[in-house]
Amino acid sequence: MAILLQCLAAGLFGVAVVLLLFAAMRLVQKTTGMGASATLTSMRRTEMRQRALHSSLVFRFTLPIVAALAGTVNRLGLEPLRQYVREPYIRAGYPGGLDDDELVATGALLSVLFTIGIGFLSASFFGVALVWLALLGVPLGFMAVVAHLKSAAREREVEIMRAMPYALDLLVLMLRSGTSLRIALGRVIDDYQGHALGIELGQVIAEIDVGSPRTEAFRKMADRLKIPDITSLVDAIVQSEELGWPLADTLERLADRINAERVLNAQATAGAAGVYVMLPSTLVLMSAVLLLFAPFIVRYLVTGTLVD
């Protein structure tokens, strides 16, 4: 009986440790936004492809296979799959510089690998009768690609939102000093080189330089990112262009609102800390009580009394 109580206490303590680690991980993710994006992204697919080829041996090895499969994907059509992976891929910043057919081919390649792996495990552990479970690998391949892209898109969004207040303050300062929007954006791009926000604004400037209307270039950025605060920034710039409103005042109000939202999010994260640690703390207390009073409980269950 004493061994059982000790095992129960140890189990409760182990569960408490796991929950505490999970709570700490969730709090860190909310505070840091799942970490800064380690891969610099660019809307130019060729540039991204060259970066991936130089930085990843696995990418150099698998790219010829993916490119060969892309031809088959193109002939088959598969437009629903292209639509399924296109939006998260754009929001993630085109990592790897793959085109739509190559991206679908990557999902198909992963589907084959998942199918083989699940089929082998099913046959090994459950017998040949359940080898049909390997068919689960077909959707899992594409789901894995989209899940990875959505995760990268969230990291990129956090990276952009972190830089937004400071970029807006810089724009406001330069606009109030009489600088044009084009020069002010150039200064922000110089200060945020290699950063997701600087890359996106650099894409806007590049499109303007090749003849695209300014409002259209900004609208394309908002459509790519689908971030509400970026959409608000683009709306402010477009309305200033079309209606002649003072852009500096609008951007200053937007920066104040974003800063206020960041403070509220920080307070909400701090308040959630108590909820996350409540259950693990209770389990730790229960395990400690069991360890302390286990001899008395065993004695009572065996002899019917708490004393000798």
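The values are calculated or read from the model by the stated rules, or taken from the named source; none is laboratory data. The structure presented is a predicted model; accordingly, all values stated were derived computationally and were not measured. When we count neighbours, we look across all protein chains shown, and the Cβ atoms used for this are built from the backbone with ideal geometry, even at glycine.
Which of the following residues is loosely packed, with under 15 Cβ neighbours inside 10 Å and within 19 Å of Arg224 (Cα to Cα): Ala147, Ala68?
After applying the criteria, what remains is Ala147.
How many residues does the range 51-73 hold that are closer than 17 Å to Val104 by Cβ and either among the aliphatic types (A, V, I, L, M) or outside the structural domain of Val112 (by TED's automatic domain parsing) (or both)?
Going through the range 51-73 one residue at a time, the tally reaches 8.
Among the numbered conditions (1) touching a helix residue (DSSP H, G or I) at 6+ places or on another chain (Cβ under 8 Å); (2) loosely packed, with under 15 Cβ neighbours inside 10 Å, tell me where Pro165 comes up short.
Answer for Pro165: the failing condition is (2).
Which of the residues that make up the range 70-86 are among the polar types (S, T, N, Q) and under 21 Å from the mean Cα position of the chain (by Cα)?
The answer is Gln83, and nothing else.
Go through the range 90-108 residue by residue and tally those that are over 14 Å from Val146 (Cβ atoms) and assigned to a helix (DSSP H, G or I).
Of the residues in the range 90-108, 5 are over 14 Å from Val146 (Cβ atoms) and assigned to a helix (DSSP H, G or I).
Quick check on my filter: what residues within the range 257-272 are β-branched (Val, Ile, Thr) and either at pLDDT below 80 or loosely packed, with under 12 Cβ neighbours inside 10 Å (or both)?
If the condition is that a residue be β-branched (Val, Ile, Thr) and either at pLDDT below 80 or loosely packed, with under 12 Cβ neighbours inside 10 Å (or both), then Val263, Thr269 are the ones that fit.
For (1) within 21 Å of the chain's Cα centre (by Cα); (2) free of Cβ contacts under 8 Å to residues at least 24 places away in the same chain; (3) crowded, with 19+ Cβ neighbours inside 10 Å, each residue gets a yes or a no:
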position: Pro213; (1), (2), (3): no, yes, no
position: Val234; (1), (2), (3): no, yes, yes
position: Glu242; (1), (2), (3): no, no, no
position: Ala255; (1), (2), (3): no, no, yes
position: Gly274; (1), (2), (3): no, yes, no
position: Leu279; (1), (2), (3): no, no, no
position: Val289; (1), (2), (3): no, yes, no
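From Tyr192, Tyr166, grab the single residue that is over 21 Å from the mean Cα position of the chain (by Cα) and within 27 Å of Ala266 (Cα to Cα).
Tyr166
Can you pull out the residues in the range 249-288 that are aliphatic (A, V, I, L, M) and closer than 30 Å to Thr231 by Cα?
The answer is Leu251, Leu254, Ala255, Ile258, Ala260, Val263, Leu264, Ala266, Ala268, Ala270, Ala272.
Taking the range 109-134 as the region of interest, how many residues are polar (S, T, N, Q) and surrounded by fewer than 13 Cβ atoms within 10 Å (Cβ to Cβ)?
The number of residues fulfilling the criteria is 1.
Considering the range 291-308 alone, what residues qualify as being surrounded by 15 or more Cβ atoms within 10 Å (Cβ to Cβ) and not hydrophobic (A, V, I, L, M, F, W, C)?
Arg299
Give me the pairs, please: first residue somewhere in the range 69-81 and at positive phi, second residue anywhere and buried (at least 19 other Cβ atoms within 10 Å of the Cβ) and part of a helix (DSSP H, G or I), beta-carbon distance under 8 Å, and either six or more positions apart or on two chains.
Filtered contacts from the range 69-81: Leu78/Val104.
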